[in-house]
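Reading through the structure tokens given below for one structure.
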Amino acid sequence: MSSSAHDSMSAAERRAGASLAAIFGLRMLGLFLILPVFAVHAQTLPGGDDLTLVGIAIGAYGLTQACLQLVFGAASDRYGRKPVIVFGLLVFIVGSAVAALATNIETVIAGRVLQGAGAISAAVTALAADLTRDQHRTKVMAMIGASIGMVFAFSMVAAPLLYSLIGMSGIFWLTALLGAGAIFLVVRVVPDAPPVPRGTGGRLIDVLTDGQLMRLNFGVFALHLIQTTMWVLLPSALVASGGLPMVEHWKVYLPAVLLSFVFMVPAIIIAERRGHLKLVFNAAIMLLLIVQLGLWLAGDGVWNLALWLMLFFVAFNVLEATQPSWISRIAAPHAKGMALGVYNTLQSTGLFLGGMLGGYLAQRHGAVAVHVTAAAIALVWLALAFTMRPPSRRSDAPRPAVGPENT
């Protein structure tokens, strides 16, 4: 076999990457669609005038995901990836139906909790690793990370329009339908996985004491906490400060999203193809910090909000694409389900705490407290990221064992 053929992704790898990215995207689209509209919609619900409850409703699915990611990741190691993924998607569909039928904010919270109980992220990411060779795993992980960034950006544009057409109940029913579409992909499109590798280094304590993995875990926690805190405030800010009714928010989101991709794509190329992953990674965290300071100091008016949103999308999309790629390179093969379970647990914890913290701070101390807190968290993350070692670019480089010596 020629070297170029060996270095190219196989048809099965391309199929696995595209289908698993689509599964992630369909599920996350359903979760993200409420972010741009729920804070305003909640004012029409009994109990929706309490911003703390609004924040909990936005981030509630992250609580059960945080509790169950490790369970689902370990179960996928034992019982197989696909059965665990299908079961999780069925739970997600039930939660979407509960939220669609809700007549008060407490029932919406219950539905969001059930949505999060379908905690399949670790199992899907582990399956992606099972179905790809080392030299192509980064590409597939970047596809999955990019799919999350793209559906997040798309949800910002589509949600206000969907809300005007089908209402919040319709959005939740659409979410259930997207979950059913993801099940179809798992059963009919995703290739079957090889047997899960076994080893002796996949204990939870080894993952938790791996310094490089835990820096990445803190990063995904911080990113999703900051993201969720912002969407407790931004929809209402666009109405009050920007003077835009919710149905016209796409006029801000669409240009911001499109411009963000203009800057994101070259950043990903520089990171992955030219070996500057750490430089681009740190720059994206710095940009995230600047966005929070900008929203605090110059966040009034529709043009200012649009600028900061565009810059936020650049940082978010870069970080969502690079973090799964990075963690897939340094996790041991037999510990992949466990390592990705911890990673996704911290991601989900950030989603939940971001909604709760953002709602609490906004209710008690105002928007300034939200942005200052988010900026402080970004600063801590930046300091930790500077101490990380960039992963090896060589596909044949030895994979470090997961353990406390890898710090």
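The values are calculated or read from the model by the stated rules, or taken from the named source; none is laboratory data. For clarity, every value in this text was computed on a predicted model and none was experimentally measured. Cβ: placed from backbone, ideal geometry, glycine included. Neighbour counts: every protein chain shown. Quick note on the areas: whole protein, heavy atoms, side chains included, nothing else; ligands and nucleic acids left out. Shrake-Rupley method; radii C 1.70, N 1.55, O 1.52, S 1.80 Å.
Spin-label model, residue 164/residue 364: points 7 Å from Cα along the beta carbon direction are separated by 3.8 nm. Helix 81-100 sits at what angle to the longest principal axis of the chain, using alpha carbons and giving 0 to 90 degrees rounded to 10? The answer is roughly 0 degrees.
Angle between the Cα long axis of helix 51-79 and the longest principal axis of the chain, 0 to 90 degrees, nearest 10? On a 0 to 90 degree scale, this one is about 20. Think of a 1.4 Å ball rolled over the protein heavy atoms: the stretch 33-102 then has 35 Å² of accessible area per residue. The residue list 101, 39, 89 was ranked by how far each Cα lies along the charge dipole of the chain toward its positive end, using unit charges on Cβ atoms, and 89 comes out on top. The structure shown yields Kirkwood radius over Cα pairs in Å, and of the options [x] 21.1; [y] 22.2; [z] 22.9 that calculated value carries the label [x]. Principal axis extents of the Cα atoms in the stretch 26-155, from largest to smallest and rounded to whole angstrom, are 51, 30, 20.
The charge dipole of the stretch 208-278, taken about its Cα centre with unit charges on the Cβ atoms of Lys, Arg (+1), Asp and Glu (-1) only, comes to about 220 debye. Between residue 241 and residue 184, the simple label model (points 7 Å from Cα in the Cβ direction) yields a spacing of 4.2 nm. Accessible surface of the chain, 1.4 Å probe: 70 percent of it comes from carbon and sulfur atoms. Each of 256, 316, 303 was scored by the projection of its Cα onto the charge dipole of the stretch 201-341, and the greatest displacement toward the positive side belongs to 316; charges sit on the C-beta of Lys, Arg, Asp and Glu. Could you tell me how many degrees, from 0 to 90 and to the nearest 10, lie between the Cα long axis of helix 367-386 and the main elongation axis, the longest principal axis, of the Cα atoms of the chain? In the chain, helix 367-386 runs at an angle near 10 degrees to the longest axis.
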